[in-house]
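What follows is a short report on a single structure.
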Amino acid sequence: MVFLKNCWYCAGWSSELTDKPIGYKMLDQDVVLYRKKDGSVVAVSGICRHRFAPLADGKVVDDKIECPYHGLQYDETGSCVYNPHGSGKIPPRADLESYSVIEKSGAIWIWMGDSEKADASKIPDFDFVSDRENWSGLTGYLRIEANYQLVIDNLMDLTHAAYLHPTTVGQSPDAWIGDMKMEHKCFVEGDILTSDYVFFNSPPTPLLELFTDIEVGDIYTPMILYPASTMILDMYMTTPKGAKSEGVAMPSCHFLVPESDNSCHYFYAISRNVKLDDDEITAAMGALVGRAFIDEDALIIKKCQEAMGNADFFDLKPVILETDIAAVRARRMLQKMINAEKS
Ligand code: FES
Ligand SMILES: [Fe+2]
């Protein structure tokens with residue numbers, strides 16, 4: 001599969017990266033990341049050029065990564081700078097690829113395409129993860145055994161929440177009350193796609209119930225996709241027709257990174273703007289979100305992938321519902337960008 005390369009992908013949460021190397025496969029390539037003494041982050045290809053040992057199993061020595069097998073050392077530009085053997089001659093062709101990295105709002109971002117095109121302004125704002133004066137919440141990670149576009153489908157179409165998540169982040173259709181109704185809009189601004197669901201006259205979901213006293217209100221759930229696969233859900237609940245500023249906000253990050261054709265990384269975060277000092281609420285949010293993402297979403301998406309095998313999604317002629325508009329648009333948009341990058 002061909003992946004979009006000229007875009008930022010999340011490469012982990014800042015708080016988890018130290019001078020101990022961490023390796024990921026991203027876009028079918030091995031990458032290793034570590035932090036230098038001055039705090040800056042290094043990202044280089046993760047396989048040693050000598051006998052192909054995984055550098056993530058090595059260690060950092062004086063800001064250089066040392067291969068765990070025979071001890072070649074590489075610096076942050078990927079250059080091999082030390083050979084402990086023989087005359088110490090640095091062999092030609094021993095260099096690794098290095099990648100542009102940036103830290104923003106508590107996450108690490110990597111650009112795996114043409115580094116001259118790396119534009120930091122393309123990383124969206126998500127201060128609610130790092131601004132602990134105004135927000136409380138948590139970050140997490142899971143690996144999903146499915147193509148990342150199946151996860152984008154899932155997130156662009158929140159109608160699944162009523163069926164898949166009735167006791168966690170959604171509500172059973174049976175819980176719908178009186179004049180509750182849903183509206184959906186899908187729109188594009190530049191290359192940013194928004195799938196915007198609003199649930200009017202709704203009780204809070206079990207997750208919102210943890211920290212809001214609103215018994216019936218309007219839940220806004222604009223899911224914003226920054227291609228290839230960085231997504232932010234700017235969710236909030238108000239009293240019926242109330243102002244956003246008076247409601248409770250629960251924004252979340254859904255940063256997906258293709259690992260291979262049939263697997264991806266999922267870095268998630270969720271925050272709230274009320275009851276900031278209540279660690280029990282944060283723990284309860286973590287438990288519900290963990291159940292929703294791991295036991296519910298990741299599991300069913302993996303089963304969908306297994307049923308699809310390696311077939312192309314559209315070749316399987318899936319039934320398309322009206323509510324799939326955003327997911328289908330996301331697929332078309334992404335394909336167009338990938339095609340433009342190839343040509
Ligand atoms: S495999 Fe890395 S130094 Fe030999
Ligand atoms: Fe879900």
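The values are calculated or read from the model by the stated rules, or taken from the named source; none is laboratory data. Fair warning: this is a prediction, and the values are worked out from it, not measured in the lab. FYI the Cβ positions are ideal-geometry reconstructions off the backbone, even for glycines, and counts take in every protein chain you see.
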> Which of the following residues is of a type in the set (Ser, Thr, Tyr) and surrounded by fewer than 19 Cβ atoms within 10 Å (Cβ to Cβ): Ser252, Ser263, Ser229?
Replying inline: Ser263
> Only one of (1) away from ligand 2 (no atom under 16 Å from the Cβ); (2) under 14 Å from the mean Cα position of the chain (by Cα); (3) among the polar types (S, T, N, Q) fails for Asn154. Which number is that?
Replying inline: (1)
>> Which residue is nearest to ligand 2 (Cβ to nearest atom), if the candidates are limited to the stretch 61-78 and must be hydrophobic (A, V, I, L, M, F, W, C) and buried (at least 19 other Cβ atoms within 10 Å of the Cβ)?
In response: Ile65
>> Take the residues in the stretch 263-297 that are away from ligand 2 (no atom under 13 Å from the Cβ), touching a strand residue (DSSP E or B) at 6+ places or on another chain (Cβ under 7 Å) and not hydrophobic (A, V, I, L, M, F, W, C); name whichever of them is nearest to Leu208 (Cα to Cα).
In response: Arg272
> Got at least one residue in the stretch 167-182 being among the basic types (Lys, Arg) and either within 18 Å of Thr282 (Cα to Cα) or at pLDDT 90 or above (or both)?
Replying inline: no
> Counting residues that are outside the structural domain of Gly23 (by TED's automatic domain parsing), which strands (runs of 3 or more DSSP E) fully inside the stretch 78-161 reach at least 1?
Replying inline: 136-144
> Quick one: how many residues across the stretch 237-247 are surrounded by fewer than 20 Cβ atoms within 10 Å (Cβ to Cβ), of a type outside the set (D, E, K, R) and closer than 19 Å to Ser271 by Cβ?
Replying inline: 2
> Residues in the stretch 331-340: is at least one surrounded by 16 or more Cβ atoms within 10 Å (Cβ to Cβ), part of a helix (DSSP H, G or I) and touching a Ser or Thr at 6+ places or on another chain (Cβ under 9 Å)?
Replying inline: yes
> Residues in the stretch 234-255: is at least one closer than 30 Å to Glu209 by Cα, out of contact with any Lys or Arg (no Cβ under 7 Å at 6 or more places or on another chain) and among the aromatic types (Phe, Trp, Tyr)?
Replying inline: yes
> For the stretch 298-326, which residues satisfy the criterion of being out of contact with any strand residue (DSSP E or B) (no Cβ under 8 Å at 6 or more places or on another chain), within 18 Å of Val169 (Cβ to Cβ) and in contact (Cβ under 8 Å) with a residue 24 or more places away in the chain?
Replying inline: Ile300
> Of these, Asp261, Asp213, Asp279, which one is under 21 Å from Val328 (Cα atoms), among the acidic types (Asp, Glu) and in the same structural domain as Phe293 (by TED's automatic domain parsing)?
Replying inline: Asp261
> When Ile47 is evaluated against the numbered criteria (1) in contact with a strand residue (DSSP E or B) (Cβ under 7 Å, 6 or more places away or on another chain); (2) under 26 Å from Ala228 (Cα atoms); (3) away from ligand 1 (no atom under 11 Å from the Cβ), which criterion, by number, is the only one it fails?
Replying inline: (3)
>> Being in contact with a Phe, Trp or Tyr (Cβ under 6 Å, 6 or more places away or on another chain) and in contact (Cβ under 8 Å) with a residue 12 or more places away in the chain: is that true of Phe293 here?
In response: no
> What number of residues in the stretch 60-77 are in a strand (DSSP E or B) and touching a residue at least 40 places away in the same chain (Cβ under 8 Å)?
Replying inline: 2
>> Please count how many residues of the stretch 6-16 are within 13 Å of Val42 (Cα to Cα) and either charged (D, E, K, R) or surrounded by fewer than 21 Cβ atoms within 10 Å (Cβ to Cβ) (or both).
In response: 1
